[in-house]
Amino acid sequence: MSAVLADGAAWAPASEGVWRAAWRRLRSDRVGMFCLAVVAAFAAMIVLSALGLLAGGWQREVGVPNAPPSFVGPRAAEATGAIDVPKGPNADLSEVDPLAPRYKEWDARAARFRTVELAKLETLPLGADRLGRDVLSKAIKGTEISVFVGVMAALVATLIGTLLGAFAGFFGGRVGDLLEWLYNVFTSIPGILLIFAFAAVFGRGIGTVVLILGLTGWTGVYRLVRAEFMKHAVRDYVRAAQAIGASAASRMFRHILPNVSHVILVQLSILTVGFIKAEVILSYLGLGVPVDQVSWGTMLAEAQSELLLGHWWQLAAATLFMASFVTAFSLLTDALRDALDPKLRGLE
């Protein structure tokens with residue numbers, strides 16, 4: 001509503017802003033808020049894992065090798081013979097064996113040792129892998145590595161694609177021609193060859209995987225952002241900003257960027273999901289995370305051989321964690337896209 005000032009001029013309240021309006025629309029989306037809570041829970045789990053407060057002992061052998069879910073602990077270990085302690089003979093051999101009187105003492109010590117070792121075994125709700133490691137702890141630690149790789153690589157690729165696309169679409173001319181040439185060079189080379197080339201140059205490691213995926217995955221974002229900036233650069237609101245003296249950087253990142261942010265968010269979501277899958281492939285080929293680390297990719301690679309023996313729980317755990325995060329993250333970015341879409345603002 002507008003009000004009338006003392007001099008008769010009309011006064012209108014200040015606009016709430018693009019980001020505040022987007023947050024208000026997002027809060028009205030129940031699915032979006034639920035997915036935001038799921039992603040926040042994953043983020044908290046990742047932080048606790050990185051600090052060593054959660055799944056810090058994922059490398060410890062705490063159960064029976066290949067134990068199914070809940071089939072661990074004292075009874076299970078005793079039933080499967082996880083701890084086999086030999087016992088002395090029951091017959092009285094004191095006349096022929098000078099060590100016979102010590103047998104009962106040794107049996108008692110062995111029984112105490114067996115009780116202590118059984119007490120060390122833990123109940124594992126998602127079972128154990130082939131080395132007796134907790135699959136749940138591995139899935140939590142794998143979430144930290146895989147989500148970090150996927151999100152950071154997507155951020156790198158989105159940042160590169162957005163900046164290059166913004167400059168190419170806004171300025172055009174020689175700047176646009178140069179960036180188009182760079183885009184054509186990257187798209188003319190098969191992606192898998194680029195990944196192998198960067199892997200051979202930078203070596204192996206988590207940071208290397210992020211760099212490889214980020215440097216090879218920006219082309220799709222560049223193409224879409226370039227088209228959006230070319231379309232918005234000639235619109236009236238941008239020309240009005242130029243008329244009142246707004247700089248090129250202000251027009252690009254303060255006026256145009258918020259109006260194309262929904263496109264960037266969609267690409268960020270697609271890249272995050274794709275890079276998580278790419279990390280699985282790279283880890284399977286030996287170009288992903290180091291062997292002393294765990295990720296969803298290494299868990300799925302290990303689960304291939306285990307599945308042939310009927311041990312399905314590691315595959316199920318990695319798939320469950322990955323599907324939960326990917327689905328929640330995709331739906332959240334869709335909700336953010338709807339909240340930021342300029343076409344939906346006029347419907348309020």
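The values are calculated or read from the model by the stated rules, or taken from the named source; none is laboratory data. Bear in mind the structure is a predicted one, so any value in this text is a computation, not a measurement. Using ideal geometry, Cβ is built from the backbone for each residue, glycine included, and neighbour counts are taken over all protein chains shown.
I'd like to know if the range 166-188 contains one or more residues that are at positive phi, free of Cβ contacts under 8 Å to residues at least 24 places away in the same chain and in a helix (DSSP H, G or I).
The answer is yes; a qualifying residue exists.
Failed condition for Asp341, given (1) among the acidic types (Asp, Glu); (2) surrounded by fewer than 24 Cβ atoms within 10 Å (Cβ to Cβ); (3) at pLDDT 80 or above, with all others met?
Tallying (1) among the acidic types (Asp, Glu); (2) surrounded by fewer than 24 Cβ atoms within 10 Å (Cβ to Cβ); (3) at pLDDT 80 or above, Asp341 fails exactly one: (3).
Tell me the residue from Gln242, Gln304 that is closer than 30 Å to Asn66 by Cα and surrounded by fewer than 22 Cβ atoms within 10 Å (Cβ to Cβ), please.
Gln304
In the range 227-249, how many are under 21 Å from Leu179 (Cβ atoms) and of a type outside the set (Phe, Trp, Tyr)? Can you show your working first?
From the range 227-249, those under 21 Å from Leu179 (Cβ atoms) are 227-234, 238, 247-249; that's our starting set.
From what is left, the residues that are of a type outside the set (Phe, Trp, Tyr) are 227-228, 230-234, 238, 247-249.
Within the range 227-249, residues that are under 21 Å from Leu179 (Cβ atoms) and of a type outside the set (Phe, Trp, Tyr) number 11.
Restrict the check to the range 165-187 and report whether at least one residue is at pLDDT 90 or above and under 26 Å from the mean Cα position of the chain (by Cα).
Yes, because at least one residue in the range 165-187 is at pLDDT 90 or above and under 26 Å from the mean Cα position of the chain (by Cα).
Restrict the check to the range 268-289 and report whether at least one residue is acidic (Asp, Glu), within 30 Å of Ala199 (Cβ to Cβ), within 19 Å of the chain's Cα centre (by Cα) and surrounded by 15 or more Cβ atoms within 10 Å (Cβ to Cβ).
Yes: the range 268-289 contains one or more residues that are acidic (Asp, Glu), within 30 Å of Ala199 (Cβ to Cβ), within 19 Å of the chain's Cα centre (by Cα) and surrounded by 15 or more Cβ atoms within 10 Å (Cβ to Cβ).
Assess whether Leu285 counts as being within 24 Å of Ile206 (Cα to Cα) and in contact with a Phe, Trp or Tyr (Cβ under 8 Å, 6 or more places away or on another chain).
In short, no.
Checking the condition under 30 Å from Phe171 (Cα atoms), of a type in the set (A, V, I, L, M, F, W, C) and assigned by TED's automatic domain parsing to the domain that holds Glu144, which residue from Leu285, Leu271, Leu300 passes?
Leu271
Against the conditions (1) aliphatic (A, V, I, L, M); (2) over 16 Å from Val326 (Cβ atoms); (3) crowded, with 22+ Cβ neighbours inside 10 Å, where does Val156 fall short? Just the number, please.
Failed condition: (3).
If Gly63 passes every condition in (1) assigned to a loop (DSSP other than H, G, I, E, B); (2) in the same structural domain as Ser137 (by TED's automatic domain parsing); (3) of a type outside the set (Asp, Glu) but one, which one does it miss?
The one condition Gly63 does not meet is (2).
Considering only helices (runs of 4 or more DSSP H) fully contained in the range 201-289, which possess at least 1 residues that are in contact with a helix residue (DSSP H, G or I) (Cβ under 6 Å, 6 or more places away or on another chain) and closer than 19 Å to Val156 by Cα? Don't jump to the end; show me each part of the working.
Working: elements: 206-216, 219-232, 236-243, 257-284.
Ranges flagged: 206-216, 219-232, 257-284.
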